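Peer 1: Following this message is one structure expressed as structure tokens.
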Amino acid sequence: MHVTIPLSKFGSNLVQRISRAQYGIIHIINNDYSNSWDKYATSRSEDPTILSKGNYFKPKKFKEVTRHFNEQNSQKKVASMLVCLAQRILDIIKNIRP
């Protein structure tokens with residue numbers, strides 16, 4: 001199974017499992033997670049491949065980025081990258097200035 005989740009803006013009442021995969025290849029591209037996800041935005045179980053590109057993540061409470069790789073089977077490498085670097089830099093700069 002190949003699924004692409006493009007150009008979505010997820011709502012403010014979502015807590016978790018916004019993009020959750022069990023099997024297949026899931027391509028998550030250019031989505032806005034700025035008003036959602038208290039626990040986690042993207043998750044996996046079993047053995048999917050998750051390709052996350054160009055998404056905007058702004059966490060509410062938990063500011064943890066987790067990257068998983070399963071090197072045992074290179075064809076089914078699980079890669080989940082959450083990129084919220086720009087927002088984190090802005091938050092850091094805002095907290096430094098008086």
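Peer 1: Let me understand the range 1-53 better: what is its radius of gyration from the alpha carbons, and its Dmax, in angstrom?
Peer 2: According to the Cα coordinates of the range 1-53, Rg and Dmax are 10.8, 29 Å.
Peer 1: In addition: What is the spin-label model distance, in nm, from Asp91 to Tyr23 if the labels are put 7 Å beyond Cα along the C-beta direction?
Peer 2: Distance between the two pseudo-spin positions: 3.7 nm.
Peer 1: Tell me, in nm to one decimal, what length is gained between His2 and Leu14 on full extension, where the rule is 0.36 nm per residue of separation less the Cα-Cα distance?
Peer 2: Values: separation 12, 0.36 × 12 = 4.32 nm, distance 2.42 nm.
Stretched out fully, the His2 to Leu14 stretch lengthens by 1.9 nm.
Peer 1: Rank-order 41-54, 4-17 by packing density, defined as the average count of other C-beta atoms within 10 Å over each peptide's residues, highest first.
Peer 2: 41-54, 4-17
FYI, it's all coordinate maths here, none of it is from the lab. No experiment lies behind these values; they were computed from the predicted model shown. Glycine gets a Cβ as well: all are built from the backbone with ideal geometry, and neighbour counts include every protein chain shown.
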